[in-house]
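Step one of this worksheet: look at the structure below.
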Amino acid sequence: MDNGDYWARVLRCSKGATLAMVRKTFTIMGRDEASSDHDLSKFFYPAMQASDIFELGIDIAIGGMDQRKAHMFMRDVASKYGWKKSTCLHTPIISSLKSSGSRMESFDHKMSKSDPGGAILIHDEPKQLRKKMQKHAYLNIEDANSPIYELAEHVVLPEFGEIVVTPNPKFGEPSTWTDLDEFRNAVMNGTLHPLDAKLGVADGISRGLETVSKHFADNPDLLDKVTEIINRK
């Protein structure tokens, strides 16, 4: 960003777009098309993001579904100028633990490191993750939407094929769930206690993070650096 070529690229990206095209990309910042009319800086962001991709010579641009419109903007600009057109790969958006997980909610409710209490961080230890799930994760027996179900659908079940629930022996027997709908229905009909469901998903995620946890345990200085980055304002 310190060289003039980058900013020349930003201007060319801006020149290759209309205001209507740029407004459609505002979901990359967690905003709708009308909410940024009072802040001119928001109109530069899509051009800067596209310029990053061009300047880095990226072959595959990977992002959440909230980045799709920005990436389509990038590809439109690439077509106009004959620049390299990156392939785009988009992943599902996981809701914040504090969100209801409703598909009707905006991208403002996505999981983000800016709210550590509502996010799963790669260095979360099993006890931390269990506590975070127990305290913050939204799970209502009358609501079919929940970040717990999203994590089960997109993380735990695809990776391990099962959700293992191990409740306190005083309150129930261990159970294993391989089907999302059955898992959800068990919570909603009272067969499976919401807390046990939360902790079962938490344990599945911790299982997936075992290698990362070991890496940071062996290299604590790296964890300090990661924590420093996360805490930056």
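Read-outs: derived from the displayed coordinates by stated rules, not from any lab. In this text, all values refer to a predicted model and were calculated from it rather than measured experimentally. When we count neighbours, we look across all protein chains shown, and the Cβ atoms used for this are built from the backbone with ideal geometry, even at glycine.
Applying 1/(1 + (r/R0)^6) with R0 = 35 Å to the Cβ-Cβ distance of residue 6 and residue 154, what FRET efficiency is obtained, to the nearest 0.05?
Calculated transfer efficiency: 0.50.
Helix 41-56 against the longest principal axis of the chain: what's the angle in degrees, Cα atoms only, rounded to the nearest 10?
90
Among 57-63, 226-232, 189-195, 144-150, how do they line up from the highest to the lowest mean number of other beta-carbon atoms within 10 Å?
144-150, 189-195, 57-63, 226-232
Pairs to check: 127/214; 24/69; 135/198; 98/132; 24/113. Give those whose C-alpha atoms are more than 18 Å from each other in this structure.
24/113
Regarding region 4-91, what whole-number volume in Å³ per residue does the convex hull of its Cα atoms give?
Dividing the Cα hull volume of region 4-91 by its residues yields 79 Å³.
Which residue, 79, 95, 213, tops the fluctuation ranking in a GNM of the chain built on C-alpha contacts under 10 Å?
79
Below 8 Å, C-alpha to C-alpha, sequence gap of six or more: please give me the relative contact order for region 4-91 in percent.
32
Please compute, over every Cα-Cα pair in the chain, the percentage with a separation greater than 34 angstrom.
30
On alpha-carbon atoms, Rg over Rh for region 130-233 using Kirkwood Rh?
Answer for region 130-233: 1.05.
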